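Structure first, then comments.
The values are calculated or read from the model by the stated rules, or taken from the named source; none is laboratory data. From a predicted model like this one, the values you see are computed outputs, not experimental measurements. Cβ coordinates were reconstructed from backbone atoms using ideal geometry, including for glycine residues, and neighbour counts include every protein chain displayed. These area figures cover heavy atoms from the full protein model, side chains too; ligands, DNA and RNA do not enter into them. Shrake-Rupley method; radii C 1.70, N 1.55, O 1.52, S 1.80 Å.
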2 protein chains.
Amino acid sequence: MSLRDARIVFTPSGRRGTFPRGTRLLDAARSIGVDIDSVCGGRGLCGRCRIVCMDGNFAKHAIVSRASNLTPVNEIEQRYSERWRKLDDGHRLSCQAVIRGDLVIDVPPESQMHRQIVRKDAEHRDIKLEPATRLYHVEVQPPDLLEATGGDLQRLCDALAWEWHLSDLVCDPVVLPSLQQALREGDWRVTVAVHKHTTIVAVWPGFRPRAHGIAIDIGSTTIAAHLVNLTAGRVIATDGIMNPQIRFGEDLMSRVSYVMTHADGASELTDAVRQGVNDLIEEVCGLGGIGPADIVEVTMVGNPIMHHLFLGLDPRELGGAPFALAIDTALDVKARDIGIAIHPGASVYVLPCIAGHVGADAAGMVLAEEPHLLDDISLVVDVGTNAEIVLGNRDRLLACSSPTGPAFEGAQISCGQRATRGAIERVRIDPASLEPRYSVIGSELWSNDPEFDTAIEAFGVTGICGSGIIEVIAEMYLAGIIDEHGVVDGALAAQNERIFADGRTFSYLLHEGRQRIVVTQTDVRQVQLAKAALYAGIRLLQERAGIDRIDRIRLAGAFGSHIDPKFAMVLGLIPDCDLNRVESAGNAAGMGAMIALLNVPARAEIETAVRQIEKIETAVEPRFQEHFVSAMAIPNKQDAFPRLFSVVARPPSKQLAAGQGTRRRRRRTEAEQ
Amino acid sequence: MSLRDARIVFTPSGRRGTFPRGTRLLDAARSIGVDIDSVCGGRGLCGRCRIVCMDGNFAKHAIVSRASNLTPVNEIEQRYSERWRKLDDGHRLSCQAVIRGDLVIDVPPESQMHRQIVRKDAEHRDIKLEPATRLYHVEVQPPDLLEATGGDLQRLCDALAWEWHLSDLVCDPVVLPSLQQALREGDWRVTVAVHKHTTIVAVWPGFRPRAHGIAIDIGSTTIAAHLVNLTAGRVIATDGIMNPQIRFGEDLMSRVSYVMTHADGASELTDAVRQGVNDLIEEVCGLGGIGPADIVEVTMVGNPIMHHLFLGLDPRELGGAPFALAIDTALDVKARDIGIAIHPGASVYVLPCIAGHVGADAAGMVLAEEPHLLDDISLVVDVGTNAEIVLGNRDRLLACSSPTGPAFEGAQISCGQRATRGAIERVRIDPASLEPRYSVIGSELWSNDPEFDTAIEAFGVTGICGSGIIEVIAEMYLAGIIDEHGVVDGALAAQNERIFADGRTFSYLLHEGRQRIVVTQTDVRQVQLAKAALYAGIRLLQERAGIDRIDRIRLAGAFGSHIDPKFAMVLGLIPDCDLNRVESAGNAAGMGAMIALLNVPARAEIETAVRQIEKIETAVEPRFQEHFVSAMAIPNKQDAFPRLFSVVARPPSKQLAAGQGTRRRRRRTEAEQ
């Protein structure tokens, strides 16, 4: 073997360098900026610096790489392999392997400190793992009478500066009482959690491989939590509970009323939501096999009222004009200061609110759906009692909320109900016979399936949920039962008795059984009002931005995730767009909280984005009323929705060749089931 | 009147400038850097910008200044004068008065933002008023539907940036819940407390003129507190209580033993001292006519064990080698995080500890006595069960502690007691007759005064306190009752029966009454042991530093403040020094806490000074034992204490002309009573 320096090539980065034989592989990698993780400080405990030594002749680099060009597997690696995770052939801990010759070394994704967390959706960028709180394993100098080395904390800080280049650290005072014991129990080796490279927030004796965080989405109805391993960037468990505030009122405004009419109302509601969050944290930690005290970081999103109540702020001001938020900027607070029972040094990051009705949930939605990063014009909508609407692209982003009312959630609809078992969620109406078929939550079967009645026997058909309402009214329109003004065509009563006179207007009988499920003229009006409000909000933003063409639409939230975009477009909830680019965004707000949990720069990113969003207040915009009135009608698709029309291929009026188009649409729909 | 710009001279700064007529005086002053305070933002509410318009011909400046060169007193000034504090002739609010011609304006000390707080003692520098937490009065823009102006907090921050140039502020989350109400109750005018120019820690509706802080000194026996008006830099009230930890043990080591022998011992002691501090805060606030929630800032000093227990840290490690502190650096924590019940946003600044036995109290002592700033060599000593000793000057400072034991506190002395009513504290012995006279705590009279018995009848003579022990033994030595080896001269029993055989040694009867107060040979030995330990510590530092000459000596702490320096030097507690420069420092530790409360830069100053102090551990210094043994003897003053001798003027042995010297000393002493 020649005595010249060894040449090392690292993949996939392609970084290369020459190093004296005898150099530790981890040191070589770091000296040329190769991104290799390590929590234990090169002690062979954490295995995060695992690399793969490539075998073969790499002509491109003029290098012959072989396992024997590294020192043999040593005792520390053997112990790691036996105790923690088997090291396959060629796999080595780079903190133990020493260079003896030329090498090509592959750094697998899981060994990269800033590894990418790949999102399933091809349209979204990956998330770089860069949590706010990171673990560091250090060996601390014991105290010594002869040398003046400072207190335990000082020596811990010295060790962190020496081993990890973390300087000027401060220590959360709640960590101090456990510091002495941790150091002595760990025989002067401890694992330290450091928040944002500045603050020691936890100290544990010995080596600790993992830190955990939770992303929380506080909705008016449900609270959802994702438990995340912050060291690996993996979701470990997901869980949700009902928001215990429901006992004070079903919807947001009834809770604000409660606060207005009860002296301690605000603190009762705050206690309730915090208790709910604490219960949920305990549950989701249980699922993940850890304890709440293992959680070092939480991120939170929620609508403005949930945001305020969670932070202990009176939501009264949000109940009326001028809808003043107490705080709209992001907040990074100690969990203990807001009564969240996790690790005492842990932080809670609360995403910023956009405006009085456009909350941290909308900010989370933006962070997840990234309209602020794209050239394409995005429309991102979270449809609830208030629709939160964001429109624009990297150049300009506008937001507003629109008072859609509770119709989309199944409320104020004669047979409406929440999206629970027994609720009709899918509807099709045959345009020739005007006969419906439908499916209910709790079964995959359609109502014309022979097994349907047996399948749903336990709970029956109990009502229509939000997405069912949209489908049935869209199908009524497509079948010609209602016209573009939303009027139920009483003349059809002669053709099918499901259309029947109901007072001075006509209704449509969707289901007959233990309960009669009927769609009334008033129900149609309610949905028209709701969708007109939503559409008027969108139009207002379009008009302000001078934007006609929308390139992509994302429907977020519980309702938005369940409605079929086609029907939303048929009814004119959303403007015309290539139907392939109209998609459900799922719980985009929660995803935003998760991104802020995994990646600190994303916090600055969304804070900047939110500051730059133009906030439009629909309540004082005269044009909103105009748009609202003109959006009451169901659009004539041929004129207004050319792109939708090309997919649905169904003319707006029965007079045109209805049959073919309907069948084509049906095939698509059924293939998607 | 000419139309040229007006010339203004400000005194005492001497700053001058020319300004367009019509300029507001406060603006003119600030534009040229004249230090004028203002809390209300120029609204004529706080009166802190009051100046005096000088009348006359100031030839030196070629200026004729007269009251009419300012606009007349306006309504706001009249209202201020009626409601708050009368404005004398020529006194104006500079925020209201507008320049109309040449002026000489005096800015009185109380109107300077960084005014000097004059310390009585000429030897100490003045303290510049620069507290960590300052008040700012602002007017906040109300929320407005038409303008997107951000949340309440954002608009408050905007106002603070606009009016006070405070940018990038963050807000303590505990302030948020009261923010909305404060803004609305104050009709969008609020007073804000900002900590270190970075963090909003309190918001009150309307104008609030004063902020308060408390400096706390936690001693093993007593806890003392000074309540300070941080806006004016004035001490409002001082109070002290017994440390409630006393029920767990009289002295420090018995409390550490309690912790070692009881599972929850540390937290019991922590709870006790925090409860004591909270009680004391409530008491001292009561004296000052305010509530604990008005306190926005606290500073704390204490010995290492009190420091640890107050912070909730286990003191066990301090009970044995290597005496490792959990934290030695200074700490700035939220009061709420350590259970101190003041304003929820308030901070507690804890001074740094110097070493395992030299605590934050010693750091406070250094800050107050300033050895680190002087060219003169200082010896600063806090004498307790452990003496904390600091020696050196601006170039080099050394510190150690010395285990003097409890003799100086009256313990382990046969008739010793704490310094409470009835304890003998002053003693004189006539060298001819060997008859004593003495005074006790609770009366100003000497025992040979005819009124003495009546004056002390209620409590009697109960024992000897620490300073009494020093005096009686020093006087016994000066009267020749004991020799320089501390042996009671039994031959004198023939001369005065107060010297009597007591077992195999002799004792001295100091007082005969309900209780017999006797000084035994063992008592003398105890004091010799204690003073030898103290002196050995001092010698060790002198030797290390190569310092022979000591320019000034400060005796701090309860004991140090009460002993007569002369007697301390006679017995050889402290080395030779010009007696005029040996002084009691009073509660120097508490004074240090007060300085850190009033002046933020003093915190950085003491942190740097403490880092640079050389810590000497007496327990591992072989030379300490040597010094200790050789310090057991009482010094031959003629040889070792030439400067003391020149004052006391009393030869060490009776053979020399004792009478005259004694009388001279007596006169001095009595003049000082």
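Each copy carries B:Asp279; placing its label point 7 Å along the C-beta direction from Cα gives inter-copy distances of 4.1 nm, listed from smallest up. The contact between chain B and chain A removes approximately 3100 Å² from the accessible area (both sides summed; 1.4 Å probe; ligands, DNA and RNA excluded).
For B:Asp187, the point set 7 Å out from Cα toward Cβ sits 7.2 nm from its twins in the other copies, listed from shortest up.
Taking all Cα pairs closer than 8 Å and separated by 6 or more residues, the relative contact order of segment B:217-352 comes to 24 percent. Counting Lys and Arg as +1 and Asp and Glu as -1 over every other residue whose Cβ lies under 13 Å from the Cβ of B:Gly41, the net charge comes to +3. Among beta bridges from DSSP that stay inside the protein assembly as shown, the antiparallel ones total about 70%.
Nonpolar atom fraction for segment A:217-352, defined as the carbon and sulfur part of the 1.4 Å probe accessible area, stands at 53 percent. Convex hull volume per residue, computed on the Cα atoms of segment B:259-418, equals 153 Å³.
With all pairs of separate Cα atoms included, segment A:174-266 yields a Kirkwood hydrodynamic radius of 16.7 Å.
Per-residue accessible area (protein heavy atoms, 1.4 Å probe) orders B:Lys615, A:Lys128, A:Lys86 as A:Lys86, A:Lys128, B:Lys615, starting from the largest.
Give, rounded to the nearest 20 debye, the magnitude of the charge dipole that segment B:19-96 has about its Cα centre when Lys and Arg contribute +1 at Cβ and Asp and Glu contribute -1 at Cβ.
Numbers: 13 positive and 9 negative charges, 19 e Å.
Computed about the Cα centre, the dipole is about 100 debye.
Compute the signed sum of charges (Lys and Arg +1, Asp and Glu -1) over the other residues within less than 10 Å, Cβ to Cβ, of B:Glu614.
+3
Inter-part distance, segment A:511-543 to segment A:336-406, computed on C-alpha centroids, equals 25 Å.
With a probe of 1.4 Å, find how much accessible area chain B has per residue, and write the answer as a whole number in Å².
39 Å²
Each copy carries A:Thr222; placing its label point 7 Å along the C-beta direction from Cα gives inter-copy distances of 6.5 nm, listed from smallest up. The alpha-carbon atoms of chain B define a convex hull whose volume equals 201 cubic angstrom per residue.
Every pair of different Cα atoms in segment A:217-352 enters the Kirkwood calculation, which places the hydrodynamic radius at 15.3 Å. Placing +1 on each Lys and Arg Cβ and -1 on each Asp and Glu Cβ, with no other charges, gives segment B:135-277 a dipole about its Cα centre of roughly 340 debye. Each pair of Cα atoms in the protein assembly as shown enters the Kirkwood radius, and Stokes-Einstein at 10 °C and 1.306 mPa s then converts it into a translational diffusion coefficient of 42 µm²/s. A crude spin-label estimate for the pair B:Thr198 and A:Glu185, with each label 7 Å from Cα along the Cβ direction, gives 3.1 nm.
Could you work out the longest stretch of chain B that avoids the GluC sites (Glu not before Pro) located in DSSP loops with at most 12 other Cβ atoms within 10 Å? Between the exposed loop sites, the longest stretch runs B:148-443. When the other protein chains are added to the chain by itself, burial of at least 20 square angstrom of heavy-atom accessible area (probe 1.4 Å, ligands and nucleic acids ignored) affects these residues of segment A:317-350: A:Glu317, A:Pro322, A:Ala324, A:Leu325, A:Ala326, A:Ile327, A:Asp328, A:Thr329, A:Leu331, A:Val333, A:Arg336, A:Asp337.
Projecting label points 7 angstrom from Cα along Cα→Cβ for A:Asp106 and A:Asp430 puts them 5.8 nm apart. Global dimensions of segment A:133-205 from alpha-carbon coordinates: Rg and Dmax equal 11.1, 36 Å. Relative to one another, the C-alpha centroids of segment B:602-631 and segment A:194-242 are positioned 46 Å apart.
For segment B:5-111, with all protein chains in place and a probe radius of 1.4 Å, 49% of the accessible heavy-atom surface sits on carbon or sulfur.
Counting only other residues whose beta carbon sits under 9 Å from that of A:Pro371, what net charge do I get with K and R as +1, D and E as -1?
Neighbourhood net charge equals 0.
Computed over segment B:133-205, relative contact order equals 39 percent, with contacts defined as Cα pairs under 8 Å that lie 6+ residues apart.
Cross-link pairs exceeding 27 Å between alpha carbons, from the set A:Lys128/B:Lys334; B:Lys86/B:Lys196; A:Lys60/A:Lys128; B:Lys128/B:Lys615; A:Lys86/A:Lys196; A:Lys128/A:Lys334: A:Lys128/B:Lys334; B:Lys86/B:Lys196; A:Lys60/A:Lys128; B:Lys128/B:Lys615; A:Lys86/A:Lys196.
Here the accessible area of segment B:477-598 is 48 percent carbon and sulfur, with a 1.4 angstrom probe and all protein chains present. Seen from every direction in turn and averaged, the convex hull around the alpha carbons of segment B:415-519 projects onto 6.5 nm².
With both residues required to sit in chain B, DSSP beta bridges show an antiparallel share near 70%. Using C-alpha pairs below 8 Å separated by at least 6 residues, the relative contact order for segment B:405-511 is 25 percent.
The Cα center of segment B:41-67 and the Cα center of segment A:169-190 differ in position by 58 Å.
Within chain B, the cysteines lacking any other cysteine Cβ closer than 4.7 Å to their own Cβ are B:Cys49, B:Cys53, B:Cys95, B:Cys157, B:Cys171, B:Cys285, B:Cys353, B:Cys400, B:Cys415, B:Cys465, B:Cys577.
What is the dipole size for chain B, taken about its Cα centre, with +1 at each Lys and Arg Cβ and -1 at each Asp and Glu Cβ, in debye to the nearest 20?
Taking the Cα centre of chain B as origin, the dipole is about 1820 debye.
Placing a label point 7 Å from the Cα of A:Gln116 along the Cα-to-Cβ direction, the residues of segment A:9-37 with a backbone N closer than 17 Å are A:11-15, A:35-36. Farthest towards the positive end of the charge dipole of segment A:296-422, among the residues A:Ile327, A:Pro352, A:Ile305, is the Cα of A:Ile305, using unit charges on the Cβ of Lys, Arg, Asp and Glu.
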